[in-house]
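J.: Below is one structure. I have some questions about it.
The values are calculated or read from the model by the stated rules, or taken from the named source; none is laboratory data. It should be emphasised that the depicted structure is a prediction, and the values quoted were computed from it without experimental measurement. All Cβ positions, glycine included, derive from the backbone under ideal geometry; neighbour counts span all protein chains shown. The accessibility values were calculated without ligands, DNA or RNA, using every heavy atom of the protein model including side chains. Shrake-Rupley method; radii C 1.70, N 1.55, O 1.52, S 1.80 Å.
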Amino acid sequence: MVGRDLVNRFPKRKSKIGDVYFEVQNWNVYDPIIEGRKIIKDVNLKVHKGEVVGISGLMGSGRTELAMSIFGRVYGKRITGKIIKDGKEIVLKNVRQAIENGLAYVTEDRKNAGLILIQSIKQNITLAKLKKISKNQIIDENKEIEVAEEYRRKFNIKSPSILQKTGNLSGGNQQKVVLSKWIFTDPDVLILDEPTRGIDVGAKYEIYTIINKLAEEGKSIIIISSELPEILGMCDRIYVMNEGKIVGELDNKDASQESIMKCIMQSNKEVV
């Protein structure tokens, strides 16, 4: 059905892992609604250049809350800790500052938070960084068309035209538009939250190929996924989260579904 054998679900990548490029240190986040409830507890993580790092854990472990709090404090309050990029501390008080400092966050909910479904592919792709196609706050429509056509071709977005409404695309093609939007911002660090949720096997493989290419270009990538085979098949290193804490760190060669679940079960025992 997908035009190839399903022997290798994950494309091979030539790993060129460099120095540590992105770090989160002693990160704490409180619930924005329930006073005094800590959601993220003393999280420390680091990502090297050209590395794909996974964050695994059960639903409710705090993975998405962690990502959103890092990306311009979209989630949480009383946030403390440091974000260090390329050896320098950066302060991200909002999404604009996150984008300007080279961060991108692909949300797990593409329909409600990742795309404007009534707008075209063209408008969605350029939305996160309009100043790249603008002069004196006026959008250069020809440049916008060129950019959209380039990404449609590069990521094989299947549609009759870049003027097609994104709401009319398949899930896989919608996800490619979301990725295009954030890659257009020229990020150094990409946080991908459930990047292949709700899309077919063929589109998943294409998304994986895009992720590998970005890593080969030296981007630092964080993948949050509920699918353990995806985490194991795509990531160089894996952090395991439970109850808002990092409870394990595994290299790909040592990681398995059993070892990830063992980290979670052991942390549950310690809590009890």
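J.: Sort out which residues of the stretch 148-177 are hydrophobic (A, V, I, L, M, F, W, C), more than 21 Å from I191 (Cβ to Cβ) and either buried (at least 19 other Cβ atoms within 10 Å of the Cβ) or in contact with an Asp or Glu (Cβ under 9 Å, 6 or more places away or on another chain) (or both), and write them in order of number.
T.: Matches in the stretch 148-177: A148, I157, I162, L169.
J.: Take the residues in the stretch 234-272 that are small (G, A, S) and out of contact with any helix residue (DSSP H, G or I) (no Cβ under 8 Å at 6 or more places or on another chain), then tell me which one is nearest to M68 (Cα to Cα).
T.: Checking each candidate, the answer is S267.
J.: Here is a check on your reading of the model: is I157 within 20 Å of the chain's Cα centre (by Cα) and not in a helix (DSSP H, G or I)?
T.: Yes, satisfied.
J.: Open to solvent by less than 60 Å² (accessible area, probe 1.4 Å), modelled with pLDDT of 95 or more and either in a loop (DSSP other than H, G, I, E, B) or out of contact with any helix residue (DSSP H, G or I) (no Cβ under 6 Å at 6 or more places or on another chain) (or both): does that describe I39?
T.: no
J.: Looking only at the stretch 226-245, count how many residues are open to solvent by 30 Å² or more (accessible area, probe 1.4 Å) and over 18 Å from the mean Cα position of the chain (by Cα).
T.: Counting residues in the stretch 226-245 that are open to solvent by 30 Å² or more (accessible area, probe 1.4 Å) and over 18 Å from the mean Cα position of the chain (by Cα) gives 2.
J.: Here is a further query. From Y75, Y21, Y105, grab the single residue that is assigned to a loop (DSSP other than H, G, I, E, B), modelled with pLDDT of 95 or more and among the hydroxyl-bearing types (S, T, Y).
T.: Step by step, each of Y75, Y21, Y105 is checked, and only Y75 is assigned to a loop (DSSP other than H, G, I, E, B), modelled with pLDDT of 95 or more and among the hydroxyl-bearing types (S, T, Y).
J.: Let me ask something else about it. Just for the stretch 117-142: of the residues that are open to solvent by 70 Å² or more (accessible area, probe 1.4 Å) and of a type outside the set (A, V, I, L, M, F, W, C), which one is farthest from V95 (Cα to Cα)?
T.: N142
J.: Still on this structure: Counting just the residues of the stretch 54-70 that are touching a Phe, Trp or Tyr at 6+ places or on another chain (Cβ under 7 Å) and surrounded by fewer than 23 Cβ atoms within 10 Å (Cβ to Cβ), which one comes out nearest to I191 (Cα to Cα)?
T.: Per the criteria, the residue is A67.
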